[in-house]
Amino acid sequence: MTDTAVLHSAIRTGPALSRRPAAVPSWMVATLLALGSCWSLWTLPVDLGTEARMSLIVTVLTVIGWTLTRLPESLVALAAAMALVLTGTIGEDKLYAALGSDLVWLLLAAFIIAAVIKDAGLAERLVAPLTARRPRFAVFAFALAAAIALTALVLPSTSGRAALLLPVFLALLPLLPDQRLARALALTFPTVILLSAGGSLIGAGAHLIAVEAMVAAGAPRLSYLDWLLLGGPLAALASLAGVALILWLFVPRGLWSLRMTAAAPAGPRTTQQSRILLVVAALVALWLTEAWHGLGMSLVALIGALILMTRPFTSRKTKDLFRAVDVELILYMTATMLMAQAMTDTGADRWLATRAMSALPSGLLASGPGVAVALSVIAVMAHLAIASRSARAAILIPAVALPMAGLGHDATLMILIAVMGTGFCQTLMSSAKPVAIYGLRDEAGFTQADLLRLALPLGVVKTGLLVAFAILVWPHQTTTHRASTEGSGPSAALTADMVRALSAVPDMAPLWAPADPGMVIAQSPRPPLRPDGLGTQAATADTGKPVRKTAQKTAARTTVGGQFAQDLKQARRQIARDLNRLFN
């Protein structure tokens, strides 16, 4: 070895270069962040109630546990639920009632239906057309996204879609040319399920709440086709962008061109498979016609699961089918629902929304593009604090969208931006139920870190698309729709005519009395925000007066999922109250 080589070796291995600063342990970062967050939330917001503070603290600690520790997500969620009960933030009865919610029954039935479909070999038959020509993986990913997106047109629940598509995901795993692609495939399913839901009126309960809000604000009612024309292009572009980002971030370039393995020939369809397909088709038909027969989506799913567990449809024992139910996932979702309920019941979610609204400068709110950007950012980020998509819509519309409309902006456009922004919710495992359904499975292979890695650029893309549609596309579409509808209101802003229309609601009739009936309310100064700490329970409390039967019939005609009917009724009454507080 030469002297130069010896010198270089000494430099590389010398003590000066070997003493690198040790990395700070993640548990220490999590501990310091948790202590700082608890102290800040307990001392700084002087106008926040004790229960609301506690719900915020538990939520922040839970997010820290999910992102900065190696504890299982379900364990952290259950600990958060226990903390909410033990601190008195929510009652013990609500903990037990959450396990009896319609979502729990829907998932239980969906897992059983999915198990029967998988055992019968129907999942392989469904994926065969996608892999028949052995497409390259990149091409296959976009084709799969299109197929998943189309299910939003007929299946009215993102959770139900995720559970029913789970056998398709499991059937595709053995057909991957490289198992390193499993993570990308697993991320594709919940990402497209959530982003594509915005293109269908029945894709999420939040859309039905938005339609009721638009009608209450004086805009013409949007039909199924109207919503498809408004939300379909945005949903399609967002879904394609999500798939493109998944390929870019999680698939090495050399794997893009690998070809999928073709599914084995399925042969002729068996009698058992035909029976199962007939039952599934009947379930979808009953879901779509719920307004006619009145049976809820969860009840219909339970009936279908009960039928499919009988001998003509499966040879497996009943106890074996029940083992297919992911109990950990159901408990995890129950705990996250309790966290969302605590945020809503204590008014913490509305406090956050009003603080976000009041933090915006007046000059920004006077600009149409500025309002579009601000509302898009708030709507996209709202899932970090409010886990339920319907709850986000019910909060953002009266607390943020309508105050912005009161400043002279189109109410329909503001509501549309708010509700479309709530469709982005894949930052955390708890942010959306489809994410949890796939993320908590061992076959998925993606972690919380992967979700954050995808959510950061995807959130920017979704926000950019929202702003682009709000400025360039939707104003023309809403104006055209309003002009083509008889009895439509003005296009620019909320006016006194809309106030008189809302006065038809019996609860609001004595309250709506503008000094000048011809006054355009949008020209008034910036309206005050709703009082702090006003929770959903207080906001939707029964006044003791009967609700009009026509309103109930309208909700029955509009809703496809019966679980949304109560939300629609409460949202309409809440929006009327908020409009009254804004302009009177």
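The table for this structure:
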| read-out | value |
| --- | --- |
| Scan of the range 328-379 for residues that are surrounded by 24 or more Cβ atoms within 10 Å (Cβ to Cβ) and not in a helix (DSSP H, G or I), ordered by number | Thr346, Gly347 |
| Cβ pairs under 9 Å, 6+ apart, first in the range 111-138 and more than 20 Å from Thr188 (Cβ to Cβ), second of a type in the set (Asp, Glu) and open to solvent by less than 80 Å² (accessible area, probe 1.4 Å) | Phe111/Asp326; Ala115/Asp320 |
| Unmet requirement for Leu230, which otherwise passes all of (1) open to solvent by less than 60 Å² (accessible area, probe 1.4 Å); (2) over 29 Å from Thr188 (Cα atoms) | (2) |
| First in the range 89-103 and touching a residue at least 60 places away in the same chain (Cβ under 8 Å), second anywhere and outside any helix (DSSP H, G or I), Cβ under 7 Å, 6 or more apart | Thr89/Thr346; Asp102/Gly296 |
| Filter result for the condition that a residue is of a type in the set (Ser, Thr, Tyr), surrounded by fewer than 17 Cβ atoms within 10 Å (Cβ to Cβ) and either modelled with pLDDT of 85 or more or assigned by the TED database to the domain that holds Val325 (or both), over Thr50, Thr31, Thr43, Thr62 | Thr50 |
| Pairs with Cβ under 8 Å, 6+ apart, first in the range 212-223 and part of a helix (DSSP H, G or I) and at pLDDT below 80, second among the small types (Gly, Ala, Ser) and open to solvent by less than 20 Å² (accessible area, probe 1.4 Å) | Ala216/Ala576 |
| Counted residues, the range 98-128 - those being farther than 23 Å from Arg323 by Cα and surrounded by fewer than 17 Cβ atoms within 10 Å (Cβ to Cβ) | 1 |
| Residues located in the range 139-179, provided they are of a type in the set (Val, Ile, Thr) and either closer than 16 Å to Val116 by Cα or not assigned by the TED database to the domain that holds Trp248 (or both) | Val168 |
| Set Ala359, Ala394: member being outside the structural domain of Leu451 (by the TED database) and modelled with pLDDT under 80 | Ala359 |
| Selection from the range 141-167 of residues that are farther than 16 Å from Leu187 by Cβ and among the β-branched types (Val, Ile, Thr) | Thr151, Val154 |
| Test: residue in the range 131-139 that is at pLDDT 90 or above, surrounded by fewer than 16 Cβ atoms within 10 Å (Cβ to Cβ) and not in a helix (DSSP H, G or I) | yes |
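Yes/no matrix, rows are residues, columns are (1) under 24 Å from Gly232 (Cβ atoms); (2) in a helix (DSSP H, G or I); (3) in contact with a His (Cβ under 6 Å, 6 or more places away or on another chain):
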residue	(1), (2), (3)
Leu407	no, no, no
Leu416	yes, yes, no
Arg441	no, no, no
Asp450	no, yes, no
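To keep it simple, each residue is scored yes or no on (1) assigned to a helix (DSSP H, G or I); (2) surrounded by 24 or more Cβ atoms within 10 Å (Cβ to Cβ).
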| position | (1), (2) |
| --- | --- |
| Leu165 | yes, yes |
| Pro174 | yes, no |
| Pro177 | no, no |
| Leu181 | yes, yes |
| Thr191 | yes, yes |
| Ala206 | yes, yes |
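The values are calculated or read from the model by the stated rules, or taken from the named source; none is laboratory data. On a predicted model such as this, the values are computed, not experimentally measured, just so you know. Positions of Cβ are generated from backbone atoms using ideal geometry, with glycine treated the same way; all protein chains shown enter the neighbour counts. In case anyone asks, the SASA skips ligands and DNA or RNA and just uses the protein heavy atoms, side chains included. Shrake-Rupley method; radii C 1.70, N 1.55, O 1.52, S 1.80 Å.
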